[in-house]
Amino acid sequence: MPSAKGSATASARRADKAATVVLACIVGLICVALVAIIVGILVSGAGKLFDINFLTAKPEQFKEGGGIGPELFNSFYLLLLTLLISVPVSLGAAVFLAEYAPEGPVTTVVKTVIEALSSLPSIVVGLFGFLFFVLTLGWGFSIMSGALALTMFNIPILVRVIQQALEAVPRDQRDAGLALGLTRWETTLHILVPSAMPAIITGVILSAGRVFGEAAALIYTAGQSAPALDFLNLNLLSTSCPWNVWRPAETLAVHIWKINSEGVVPDLTAISNGTAAVLMVCILLFNVLARFAGRRLARRLTAE
Amino acid sequence: MTQADDLLVTHDVTVCYGSHQALNPTSLAFSEGGVTALIGPSGCGKSTFLRCINLMNREIPGCRVGGEILYHGNDVNSRSQDLFQLRKSIGMVFQQPNPFHKSIRENIVFAPRRHGVSDKDELDALVEDSLKAAAIWDEVKDQLDQSAFALSGGQQQRLCIARTLAMRPDVVLMDEPCSALDPISTFAIEQTIRDMAERGICVVIVTHNMEQAARVSDRTAYFLLGDMVETGPTKELFSRPRTSGSTTTSRGGSDDGREQDGGRAPRPVLRRLPCPEGRLARAWRRTRVTALIGPSGCGKSTLLRCLNRMNDRVEGMPPHGLGPARRRGRARGL
Ligand SMILES: Nc1ncnc2c1ncn2[C@@H]1O[C@H](COP(=O)(O)OP(=O)(O)OP(=O)(O)O)[C@@H](O)[C@H]1O
Ligand SMILES: [Mg+2]
């Protein structure tokens, strides 16, 4: 190799090495911090994490030994409801914005508004939900109010993620579908969405994690009390029926906030640590499972 | 020019992108079973013209079409024309292979199924027929359920042609369909084009390869800077002596051909190399040009990717046979 060229290559190679080292350091630092937090939470809550009684019993008001059974169920139920509402709505909105909306001032404004909404503080969403769902509509502190508040909080993020995933699918896929005489809808549904599925799933998982751990938006909408649940009760209007969407429902994150701010049980530190660990493990498990399912689904849809 | 049996006629078709007129009034006629080649230098509006025929131009914002395009005597831009039916019978093959992210079989049957073919045997027959017609059946018949993205570029393109043929179109528009193919598959595709013409399909093909135009087409239209400057039977157009009137035309055309297909360019030193990769690595020296040739899907790109280590980026692809050389950085010295 000629020497002039060689030295240029050498310096480029050195810069490449340096960049690699710097990037590795940054990632390393972040990983250490994250792992420290996760391990810290898991270790301090380890005692409670495998305690079946803690996971299933209902919380105590004044004595020690309370559990988080209803909160655990409420968290999942709220997440499920929120996703059931927000995923289809966001998918529709994103498909419209990415595929149908004509370029123009209106579309640009809508996109900007969605971006602004996706950074709305969740306490604002919570208070809005309180004023509108809880008071104006008179739903009271209920799962429905909570799920809708979370939906409002979730939709802008999901719309952005899904829209970007759709726009990242190469143009020629769209052309291929249209050139075969398929409608725009068929092309979107059967070609673009499957191609964008891995990115969509990742977006849904990330937003689901946020929803699962959300407290501020729920304090004034789903409420801070967890009535005891009776899984044999199928009367959808009874407060103890788990599936009743009109009952108040405290979630894990709200529970942590509540016992730390106004709890009087003697073992509140242990309970709060345990709850945090359970929350953490749920989110981790949920991530792994959803990613696995997403990959399976993507493979089924694309035969790869 | 227009005859009674013309399937597709364009009258003074113009195209504007915003305020830029990309195509000046163009009138051409295409008949059943005829192959028309559109040739001309890059940017002269061949693809633009092609896209208006099956209305793919509607997908480009700001694209306006003037004039008339008559398909079976009906204006394609009239309100009564069913866009989806039209695109079904006027198929299109793109310059870049663009198979769907689906299995090979799904790539073929997906659109027919959406258009209402549901019988399993019929679909299976369709898969076999179209893949055979596109000269790719033998290569993929054992892997119909694998992803189309595992095919080579040339195979993907032939799959795209098969996918278009599966719609049983009247007209097939091809935008440089062979630019990703090796000579053997190109030949196979040219054969396919002739077969299609024999079965009565009207083929319009954009090509930069003059020899290809001469081989496959019955008529040729020559475009230059947004104008269709010359059209006629291919034989006449190509054999005509360079008179003063057509000097620009023919010179432009052959320049273009020389650039693109290397037909008349000085040929690089071509060496056939034995295939074991260890020996290949040693056979290449500085200051020598080595050409990798071979039929579609034989691993040319794969080998090239190994050499500059782009294969590091391809998931699940070990640097076959180049392991030690790679680590010692020998392959880099090429
Ligand atoms: N989507 C588009 N938007 C705006 N202008 C375009 C668009 N597509 C093509 N043009 C313009 O139209 C003219 C003709 O382009 P066209 O793609 O038809 O050329 P072509 O003959 O197919 O060239 P090539 O041989 O390189 O494919 C060019 O000047 C190009 O800049
Ligand atoms: Mg073109």
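Sorting A:140-147, A:112-119 by average packing, meaning the other beta carbons within 10 Å per residue, from highest down gives A:140-147, A:112-119.
Taking loop as defined by DSSP and a crowding limit of 16 other beta carbons within 10 Å, which trypsin sites (Lys or Arg not before Pro) in segment B:1-79 fit?
For trypsin sites (Lys or Arg not before Pro) across segment B:1-79 that sit outside H, G, I, E and B with at most 16 neighbouring Cβ atoms in 10 Å, the list reads B:ARG79.
Take peptides B:26-33, A:159-166 and line them up by average Cβ neighbours within 10 Å, highest first, as a rough protection proxy.
Working: B:26-33: 18.6, A:159-166: 22.2.
Going by the mean number of other Cβ atoms within 10 Å, highest first, we get A:159-166, B:26-33.
Comparing A:LYS48, A:LYS111, A:LYS63 in a Gaussian network model of chain A where C-alpha atoms under 10 Å apart are linked, the largest mean-square fluctuation is found at A:LYS63. The mean number of partner chain beta-carbon atoms within 10 angstrom of a residue's beta-carbon across peptide A:181-194 is 4.
For the peptides B:117-124, B:71-78, what is the packing order when you average, over each peptide's residues, the other Cβ atoms within 10 Å and list the highest mean first?
Averaged packing, sorted descending, gives the order B:71-78, B:117-124.
Close amide H pairs (under 5 Å, H built 1.01 Å from N) link B:SER31 with B:LEU7, residues at least 5 positions away or on another chain. Taking Cα centroids, how far is segment A:228-304 from segment B:145-188 in Å? Comparing the Cα centres of segment A:228-304 and segment B:145-188, I get a distance of 51 Å. Farthest towards the positive end of the charge dipole of segment A:195-304, among the residues A:ALA196, A:VAL278, A:LEU236, is the Cα of A:ALA196, using unit charges on the Cβ of Lys, Arg, Asp and Glu.
Nearest 0.05, what FRET efficiency do B:GLU59 and A:ALA19 give at R0 = 45 Å with Cβ-Cβ as r?
Working: r = 40 Å, r/R0 = 0.89.
E(calc), rounded to 0.05, equals 0.65.
In plain terms, the residue of B:THR164, B:THR220, B:THR234 with the fewest other Cβ atoms within 10 Å comes first and the most crowded comes last, giving B:THR234, B:THR220, B:THR164. In segment B:1-62, a dipole from Cβ-located charges (positive for Lys and Arg, negative for Asp and Glu) runs towards its positive end, and of B:GLY43, B:ASN54, B:LEU8 it is B:GLY43 whose Cα lies farthest in that direction. Computed across segment A:46-302, the Kirkwood radius stands at 19.8 Å (inverse of mean 1/r, all Cα pairs). Across peptide A:26-33, the average count of Cβ atoms from other chains found within 10 Å of a residue's Cβ is 0.
Charge dipole of segment A:44-151 (Cα centre as origin; +1 on each Lys and Arg Cβ, -1 on each Asp and Glu Cβ, all else neutral): 180 debye, rounded to the nearest 20.
Panel order for B:TYR222, A:TYR77, A:TYR100, by other beta carbons found within 10 Å of each beta carbon, from fewest to most: A:TYR100, A:TYR77, B:TYR222. Checking the Cα-Cα distances for B:LYS46/B:LYS120; B:LYS88/B:LYS132; A:LYS111/B:LYS88; B:LYS46/B:LYS132 against a 32 Å cut-off, the pairs over it are B:LYS46/B:LYS120; A:LYS111/B:LYS88. Residues A:LEU237, B:LEU173, ranked from the fewest to the most other C-beta atoms within 10 Å, line up as A:LEU237, B:LEU173. How many partner chain Cβ atoms sit within 10 Å of a residue's Cβ in peptide B:88-101, on average, as a whole number? Rounded to a whole number, the mean comes out at 5.
We did not get these values from a lab; they are worked out from the coordinates using the rules stated. Here the structure is a predicted model, which is why all the values come from computation and not from measurement. Cβ atoms come from the backbone with ideal geometry, glycine included; neighbour counts cover every protein chain shown.
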